[in-house]
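K.L.:
Could you have a look at this structure, given as structure tokens, before my questions?
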């Protein structure tokens with residue numbers, strides 16, 4: 001990795017990190033390139049391969065692990081892998097972009113550990129676990145079992161917020177985006 005800075009936006013599932021990242025990418029003054037993660041999970045209805053994620057089979061994902069093609073990867077949920085491909089960072093760097101990651105909590109810490117001087121790691125907190133549950137139910141993409149798993153994981157992830165450079169509560173999306181944008185501008 002050479003030129004660009006890395007901006008990690010991490011949070012428990014349903015905290016609003018994807019909405020925040022989409023808003024930040026639209027601000028051309030930040031010169032952000034979105035780092036598309038790879039995953040072995042099923043593609044959701046409105047998702048596009050190569051734009052939202054690189055959707056891989058479990059075997060394809062494991063093969064890339066064995067070939068050392070990831071900067072970081074994790075089995076986020078049982079038999080569901082997520083990771084950042086080295087080629088993704090190289091491609092965005094070659095375009096002279098600062099990279100922004102919409103990433104799970106452990107993955108965000110891995111990026112920060114690998115590139116400590118060039119990474120700003122931001123943790124997005126939901127106002128409460130009850131509000132997080134409401135958001136997960138409202139988006140309507142997960143079964144009851146998956147919602148329970150996500151909520152259980154979220155309480156563990158929240159305890160890791162202290163390992164990030166900043167922790168921002170996402171009570172109001174516009175205010176949260178403004179706070180995050182200020183932190184990014186100061187970092188850049």
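Read the figures in this text as sums done on the coordinates, not as results from a lab. Please read all numbers here as calculations on a predicted model, not as lab measurements. Heads up, the Cβs are rebuilt from the backbone with ideal geometry, glycines too, and the neighbour counts pull from every protein chain shown.
K.L.:
Out of the residues in region 168-188 that are in contact with a helix residue (DSSP H, G or I) (Cβ under 7 Å, 6 or more places away or on another chain) and part of a helix (DSSP H, G or I), state the one that is surrounded by the fewest Cβ atoms within 10 Å (Cβ to Cβ).
P.N.:
173
K.L.:
I've got another one for you. Got a sec? Which strands (runs of 3 or more DSSP E) wholly within region 1-104 have at least 1 residues that are touching a residue at least 60 places away in the same chain (Cβ under 8 Å), out of contact with any helix residue (DSSP H, G or I) (no Cβ under 6 Å at 6 or more places or on another chain) and over 19 Å from residue 121 (Cβ atoms)?
P.N.:
Result: 70-77.
K.L.:
A further question follows. Out of everything in region 21-43 that is surrounded by 13 or more Cβ atoms within 10 Å (Cβ to Cβ) and more than 17 Å from the chain's Cα centre (by Cα), what residue ends up being nearest to residue 94 (Cα to Cα)?
P.N.:
If we take residues in region 21-43 being surrounded by 13 or more Cβ atoms within 10 Å (Cβ to Cβ) and more than 17 Å from the chain's Cα centre (by Cα), then 31 is nearest to residue 94 (Cα to Cα).
K.L.:
Further question: With respect to residue 153, determine if the residue is in contact (Cβ under 8 Å) with a residue 60 or more places away in the chain and either assigned to a helix (DSSP H, G or I) or closer than 15 Å to residue 35 by Cα (or both).
P.N.:
Yes.
K.L.:
So which residues in region 156-188 are touching a residue at least 60 places away in the same chain (Cβ under 8 Å), touching a strand residue (DSSP E or B) at 6+ places or on another chain (Cβ under 9 Å) and more than 25 Å from residue 41 (Cβ to Cβ)?
P.N.:
Answer for region 156-188, where residues must be touching a residue at least 60 places away in the same chain (Cβ under 8 Å), touching a strand residue (DSSP E or B) at 6+ places or on another chain (Cβ under 9 Å) and more than 25 Å from residue 41 (Cβ to Cβ): 176, 180, 183, 184, 187, 188.
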